[in-house]
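Undergrad: Shown below is the structure under consideration.
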Amino acid sequence: MVSLSNKIKKNKKFEFKANLSFKNVLLWGLVAFFILSFFASFFSPPKFLEEKPLSVVLEDVRGKKVQKIEVEENKLTVTYKDGKEFISRKEPGESLARVFEASGVDPRSVQMNIKDTTLRDSWIGLLSTVLPLVLMALFFLFLIRQARGAQDSIFTFGASKAKLFNKEMTKIKFPDVAGVDEAKKELEEVVDFLKNSAKYRALGARTPKGVLLVGPSGTGKTLLAKAVAGEASVPFFSMAGSEFMEMLVGVGASRVRDLFATAKKNAPAIIFIDEIDAIGRQRGVGIMGGHDEREQTLNQILVEMDGFLPNENVIVMAATNRPDVLDPALVRPGRFDRRVALDLPDIEGRKDILMIHMKGKPFTSDVNWEKVAKRTVGFSGADLENMLNEAAILAARLNKKAIDMSDIEEAATKVKLGPEKKRLQSDEDKKMTAYHEAGHAVVTFILPNTDPVHRISIVSRGLTLGHTLIPPASDRTHETKSQLLSQIAALMGGRAAEEVVFKEITSGASNDIDKATMVAREMVMEYGMSSLGPINYGPTMDVTEWGKPWYNEQKISPSMQDKIDAEIKVIVEDAHKKAVEILKDKRKKLDEVANALLKKETMEGDEFDQIMKN
């Protein structure tokens, strides 16, 4: 087994070889250049001269018109006394002096220069023999080195691919993480345990085996792990769950063994596995058999964390947003001792996150961060970071020097609903959309236990032709029955407005109907808010006996299913009737809001409240 440290050394060696081969290419290029320059010295630059027959040249020599003749093998370069040059050729192997004598021309009447090409011919003959042999030898040497590299990669195939971090390699610290104070305290305790393990062991405390970070996407699980890597004074090995998996069975388990062996040699140390659900899914549930690659990798992790051999001073951190699919043996005490839950940030957490991500961005003095924090209920940390980035992009596009409140508002809407789309709509379509959105807003305003309307718009975004934003006014955990019924009535306000105004219904309310039906179904099947009583008819999500999945589908008889469907229908239809009654009673306000939307397309919550209160 090749350790991670050996692997790092091999990688460095590989990089050095790669650089050296690049230098070799340059070196061979220079050698080739000098060789070509050497051969070029034997050759004079070609002259494109007119050729004359040898008989004509002999007559010109007899007439004393020729000054000199240069002889290069069979080629003759004839220079006349008037400066003109011509070429001529003689028979191969024939002496020019004998040709002159045979023609009755005195060879001494003209200057003859004979070039010796013996050295050049010797070099050409030598290289034509040796150079092919050298090239063949280099080619076979290249093949041998490639085969050796492939053989080495086979032996290192099961080595861990974890990346090693230390305190100096990451700039993220605990102060750079906000909105998850409880999770930070848990992880600060883990880091302190590794730094000052003596004070814990003096009281008989043992090292936690594992810490599982659980929470929705974008809440900062990986960011917290980076902060731990920045704060810890111990080696920090980071690896994604998918990096263990390969096509060959057994490679993942080999990499797990190598990773833990390297971490134990460098103990105390921290191992971080991101997206552990890629390898930690419950065994025996999938279509594959019990000996596939994923299950072997999971088995090896279970053994390394709490197997027969002790595992001391090595803490395993893992992150997932799918804790329901993890194997029970993985999340039991002794393996992942601590489960740190990360929720969406509350208003104070959102303020702290905004303060972190606003650094380096200029803002105008009118930006009210309290209002922004209240506006962004339900946003995760990633959403808030993306919102401020989109606001900066929008301000730069408009050539502004600083980001103002309108940029942040537009960015928040864009993050949740998408960018604006200028779709071509007829006047009739615009009118229907305006009354549809006005219906949502008016019903929401009139009903009790509803949140205030934040914005109404008939500008298309994403797949919708318009939208009515009704974010929660505050962070709340519980929803009462009256609040849920008011939500369903508000959702049916768009369909009710179409019926009241146009005496017609459109397909635009399909998404509203879907959401209203879903809320009503949860009220009946999960929350016990119907005449069927406080009984859960839906799926349960809990730990069951060994080997059973976490999701347990309830078996419902056909007669009970009919009753459930009837209850859902009663809830939705009652909410729809209530919405129709409200809009008939407030028809003038409905018309005012719709006409205002047709004129300016977007209406803020303050303007809407003013129309309704007047």
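None of the figures in this text is laboratory data; all of them are computed from the coordinates on show. All of these numbers come straight from a predicted model, not from anything done at the bench.
Undergrad: Using 0.36 nm per residue, how much length does the chain from LYS265 to SER197 gain when fully extended, once their Cα-Cα distance is taken away?
TA: On the way: separation 68, 0.36 × 68 = 24.48 nm, distance 1.73 nm.
The LYS265-SER197 span can extend by a further 22.7 nm.
Undergrad: Across region 564-569, in residue order, what do the Karplus-derived ³J(HN,Hα) couplings come to in whole Hz, using 6.51 cos²θ - 1.76 cosθ + 1.60 with θ = phi - 60° and x for Gly and Pro?
TA: 4, 4, 5, 5, 4, 5
Undergrad: Taking amide H positions as placed 1.01 Å from N in the peptide plane, with prolines and chain starts having none, which residues 5 or more places from VAL459, or on another chain, fall under 5 Å of its amide H?
TA: HIS467
Undergrad: So, one more: Spelling out what I want: for every residue of region 579-593, take phi, set θ = phi - 60°, compute 6.51 cos²θ - 1.76 cosθ + 1.60 (Karplus), and round to whole Hz; glycine and proline get x.
TA: 5, 4, 4, 5, 6, 5, 6, 10, 4, 5, 5, 4, 5, 4, 5
Undergrad: Let me ask something additional. Please figure out what share of the DSSP beta bridges in region 51-116 is antiparallel and state it in percent, rounded to the nearest 5. Could the numbers behind the result be given before it?
TA: Details: 11 of 16 bridges.
Close to 70 percent.
Undergrad: Could you give the semi-axes, largest first, of the ellipsoid that matches region 485-539, computed as the square roots of 5 times the alpha carbon gyration tensor eigenvalues and rounded to whole Å?
TA: Values: eigenvalues 157, 23, 11 Å².
Rounded to whole Å, the semi-axes are 28, 11, 7.
Undergrad: With respect to the cross-link table entries LYS359/LYS401; LYS65/LYS90; LYS185/LYS359; LYS503/LYS589, which display a Cα-Cα separation exceeding 22 Å?
TA: On the way: LYS359/LYS401 15 Å; LYS65/LYS90 19 Å; LYS185/LYS359 24 Å; LYS503/LYS589 18 Å.
The pairs that break the limit, which is 22 Å between Cα atoms, are LYS185/LYS359.
Undergrad: What are the ³J(HN,Hα) values, in whole Hz, obtained from phi via the Karplus relation 6.51 cos²θ - 1.76 cosθ + 1.60 with θ = phi - 60°, for each residue of region 366-381 in sequence order, with x given for Gly and Pro?
TA: 7, 6, 9, 5, 5, 5, 5, 5, 5, 5, 9, 4, x, 7, 8, x
Undergrad: Once amide H atoms are built 1.01 Å from N in the peptide plane, which residues 5 or more positions from PHE363, or in another chain, come under 5 Å H to H?
TA: Those qualifying (amide H under 5 Å, at least 5 residues apart or on another chain) are ILE403.
Undergrad: Tell me, what is the Rg over Rh of region 365-498, with Rh the Kirkwood radius over Cα pairs?
TA: On the way: Rg = 16.4 Å, Rh = 16.3 Å.
Result for region 365-498 is an Rg/Rh of 1.00.
Undergrad: Take the cross-link list LYS52/LYS75; LYS422/LYS588; LYS361/LYS600; LYS351/LYS374; LYS481/LYS578; LYS361/LYS416 and give me the ones stretching past 19 Å between alpha-carbons. Numbers along the way, then the final one.
TA: Numbers: LYS52/LYS75 11 Å; LYS422/LYS588 29 Å; LYS361/LYS600 31 Å; LYS351/LYS374 9 Å; LYS481/LYS578 16 Å; LYS361/LYS416 22 Å.
Over 19 Å apart, Cα to Cα: LYS422/LYS588; LYS361/LYS600; LYS361/LYS416.
Undergrad: Can you list residues whose amide H is under 5 Å from ILE271's amide H, if they're 5+ apart or on another chain and H is modeled 1.01 Å from N?
TA: Under 5 Å from the amide H of ILE271: PHE237, ILE315, VAL316, MET317.
Undergrad: Considering all projection directions equally, how large on average is the shadow of the alpha-carbon convex hull of region 51-116, in square nanometres? Working shown, then result.
TA: Details: hull surface 15.8 nm².
Answer in nm², one decimal: 3.9.
Undergrad: Can you tell me the Rg and Dmax of region 347-417, counting just the alpha carbons, in angstroms?
TA: Every Cα atom of region 347-417 included, Rg and Dmax give 10.9, 32 Å.
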